[in-house]
Amino acid sequence: MQKTIEILKKHNELKIVDEELDIELEIPHIAYIEVKKQNNKALLFTKPVCKKSGTKYSIPVLMNLFGSFSRLKILGFREDISKDIETFTHLSAPKGFFDFLNQIKNFSKLSFLFPKKIKRSFHTILKDSEVNLFDLPILKTWEKDGGRFITMGQVYTKNLEGNLKNLGMYRLQVYDKNHLGMHWQIHKDSNHFFNEYKKAQKKMPVSIAIGGDPLYTWCGQAPLPYGMYELMLYGFIKKERPKVAKCLTNDLYVPSDCDIVIEGFIDTNDLIDEGPFGDHTGYYTPIEPYPVLKVSAITMKQNPIYLATVVGKPPLEDKYMGYMTERIFLPLLKTITPSLIDYYMPENGVFHNLILAKINPQYPSHAEQIMHSFWSVGQMSFVKHAIFVPQNAPELTNHSEIIEFILNNLDINDLFFSHGICDALDHSSPKFAVGGKLGINCTNGEPKYKDLEILPNDELLKNIKQKYNEVVALRQYFTNTKNPLTLIAVDKKSRILEHIDDFNPKHIRIIFVLDSKDNDLDNLYMCLWRIVNNIDAKRDILIKNNIALIDASAKGALENHTREWPDDVNCTPSVIEKLIKLGIIENSKELFRKYQIDKNYKTQI
Ligand SMILES: Cc1cc2nc3c(=O)[nH]c(=O)nc-3n(C[C@H](O)[C@H](O)[C@H](O)COP(=O)(O)O)c2cc1C
């Protein structure tokens, strides 16, 4: 990490914050706001403290390392890695001698895949009773978080037989001086390994590394198929074998240049309540039982740096990490769906809530066929809403043009509903990790409905209120398209879908209904974030008389939703006020409103 700090300094990508700042809320809030700014910087907090316990830490905290495209570039992340991957996925029998030589050249890149074992020297070794996780500046991000969490830990595991290895990034809750909660969700590789150890009634070794080459951290979140070791991806990208060293108290190997290594064993019979935690969906995840690591040793390099991130409402650092993942995985997805041209996960869809895909359709329902493929492959199967467009559609990242294209080419009477597994973090599905899916096929040309008679917002609002008096605000968007969007905010007292007959199909095509208390209808970016988070496609969409009514409100008894509906994450106002007073953050009302940073924002009426 010290080397990384030098690189960041050289490229003017680092802000050093020398004030004493609290690891609880203060440091995370500063990083959260910084990364939402244009031309933001990585932040190095040189004097982290815990005001509650009076602890002053000698280890600085580095945040927002991956938080911009320019930083990804200087850290050596190359988009053209996807070309290398494509080359491998297209290998065929050589067409002659020179082609043969070319293929050998490509294969020689594979020699970098395998980690090289070396000896590691430690500056600090803390074993058994010397272990104290509270000696590390581990952050508490959000007010309602269950405690302090390691957020950028590289979690190294191996299966029971020892022939498969895994590197995953999962948050880790500090329970006490030597116990950590391991939040690997049920679909994740380390959890599959855990189940093997549990069945065999054996203790599971786990090591967590922090820092070192930033590429290790990125590889930890890369959704490689089960059984593929993420350090091999490191070697492929870096064209250099990762150097690993044996841990002191278990037999796992971790990269030898990491700043901090926490190692130990899990007793597979013990699960402890983990959370709540303000997660990357922008909502708190509820308390759930997870395995616990008993830490047997902590080792450190000289002058270690503690690397951390903040997750919450978008855009955040994971936007940039996810972008690299999206690019690198395109050629791999193409191997199973050759008609796929490109795909894009908009940041306010927080990855699994929304995907746009461009395809070259060859036959009727080709789009739906590829949707089925997506919903059957690895973590892509978590995607809740998929919109498919043909090759002549605008660039997927050109937001205004692609939205218009979609709205001119979708037919609300031809939506594709399915259901299946969803991300363990999804809060809107009626059952844990099982929910509705929506596929929108925009490859069939314009729908055949009559154009609407568009009314001004206030007139349409008055019109609707006569029948449905819970409506308090209304905005219309994209009224020039075949499917204008009407957003309404309600003070909900009755089930929303029961009101479908209160809307006039002469004036309205697609209606999204949001709670008035925490939605600003003028903020389409945050409304989209809320909508794709809050709907379960099978339960919350009703189509009748050429109207699609979509209930994006918080669910509860009215909808027979029995799971806990979580709060969304907001910065703590008193902490923000203090940081503004100290001159550490700017009082930018515009930024706060744009990303709903500190409290609930309503439509200005
Ligand atoms: C900042 C960040 C935090 C994450 N936290 C978790 C987590 O707590 N639990 C989890 O299961 N996945 C988490 N993920 C997603 C996993 O890292 C990702 O799904 C990864 O592919 C898992 O690796 P695996 O398939 O080898 O298990 C997180 C990702 C990021 C970028």
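The values are calculated or read from the model by the stated rules, or taken from the named source; none is laboratory data. These figures come from a predicted structure and were not determined experimentally. All Cβ positions, even for glycine, are placed from backbone atoms using ideal geometry, and neighbour counts span all protein chains on display. The protein model used for the area step is the full one, side chains on, heavy atoms only, and it has no ligands, DNA or RNA in it. Shrake-Rupley method; radii C 1.70, N 1.55, O 1.52, S 1.80 Å.
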Q.
What is the angle, in °, between the Cα long axis of helix 97-108 and the longest principal axis of the Cα atoms in the chain? Nearest 10 is fine, range 0 to 90.
A. 70 degrees
Q.
Please list R78, R495, R120 from largest to smallest accessible area, probe radius 1.4 Å, with all protein chains kept in place.
A. R78, R495, R120
Q: Mind giving me the FRET efficiency for W565 and S58? R0 is 51 Å, r the Cβ-Cβ distance, nearest 0.05 is fine.
A: 0.75
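Given a 1.4 Å probe and every protein chain left where it sits, what share in percent of the accessible area of the chain is carbon and sulfur? Don't skip to the end; give the middle numbers.
Working: 13240 of 25270 Å².
Heavy-atom surface of the chain belonging to carbon and sulfur, 1.4 Å probe: 52 percent.
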Q.
Which residues does the label zone of K602 cover in region 454-490, counting backbone N under 15 Å from a point 7 Å along Cα→Cβ?
A. 470-474, 489-490
Q: Can you tell me the order of 580-589, 253-262, 295-304, 347-356 when each peptide is scored by its average per-residue count of other Cβ atoms within 10 angstrom, highest first?
A: 253-262, 347-356, 295-304, 580-589
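Pairs of lysines 8 or more apart, or on different chains, with alpha carbons under 22 Å: count those in region 179-252, would you? Walk me through the intermediate numbers first.
Details: K188/K198; K188/K199; K188/K202; K188/K203; K202/K246; K203/K246; K238/K246.
Total qualifying Lys-Lys pairs in region 179-252 comes to 7.
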(Q) I want the antiparallel fraction of DSSP beta bridges within the chain, as a percent rounded to 5. (A) 70 percent
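Tell me, in nm to one decimal, what length is gained between D176 and E6 on full extension, where the rule is 0.36 nm per residue of separation less the Cα-Cα distance? Before the final figure, lay out each step's value.
Details: separation 170, 0.36 × 170 = 61.20 nm, distance 3.40 nm.
Stretched out fully, the D176 to E6 stretch lengthens by 57.8 nm.
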Q) Any number yet on Rg/Rh for the chain, C-alpha, Kirkwood? A) 0.98
(Q) Between L160 and E498, what's the calculated FRET efficiency when r is the beta-carbon distance and R0 is 56 Å? Round to 0.05. (A) 0.60
Q.
Using 0.36 nm times the number of residues separating E19 and K199, minus their current alpha carbon distance, what extension gain do you get?
A. 59.8 nm
Q) What figure in square angstrom, to the nearest 10, would you give for the accessible area of R563 with a 1.4 Å probe? A) 60 Å²
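Quick check: net charge around D267, other residues with Cβ under 11 Å of its Cβ, Lys/Arg +1 and Asp/Glu -1?
On the way: positive: K198, K202, K203, K294; negative: D270.
For residues surrounding D267, the net value is +3.
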Q. Nearest 10 degrees, 0 to 90: what angle lies between the long axis of helix 317-336 and the longest principal axis of the chain (Cα atoms)?
A. 80 degrees
Q) Excluding same-chain residues fewer than 8 positions from K165, which aspartates and glutamates have a Cα within less than 20 Å of its Cα? A) D189, E196, D213, E230, E240, D251, D257, E263, D267
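Please report Rg over Rh for region 336-441, where both radii come from the alpha carbon positions and Rh follows the Kirkwood definition.
Working: Rg = 13.3 Å, Rh = 14.0 Å.
That ratio is 0.95, to two decimals.
Where does each of E161, E26, E196 land when they are ordered by accessible area, with a 1.4 Å probe and the largest first? Please list the in-between numbers first.
Working: E161 150, E26 15, E196 60 Å².
If we order E161, E26, E196 from most to least accessible, we get E161, E196, E26.
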Q) Thinking of region 266-323 as a set of Cα atoms, what percent of all their pairs are more than 18 Å apart? A) 60 percent
Q: Taking the chain as the reference, fit the longest principal axis to its C-alpha atoms, fit the long axis of helix 524-534 to the helix C-alpha atoms, and give the angle between the two in degrees, 0 to 90, nearest 10.
A: 80 degrees
Q | region 230-282: Rg to Rh, with Rh as the Kirkwood radius over Cα pairs | A | 1.11
**Q.** Over 20 Å (Cα to Cα) - which of K73/K589; K83/K358; K334/K358; K506/K538 fall in this group
**A.** K73/K589; K506/K538
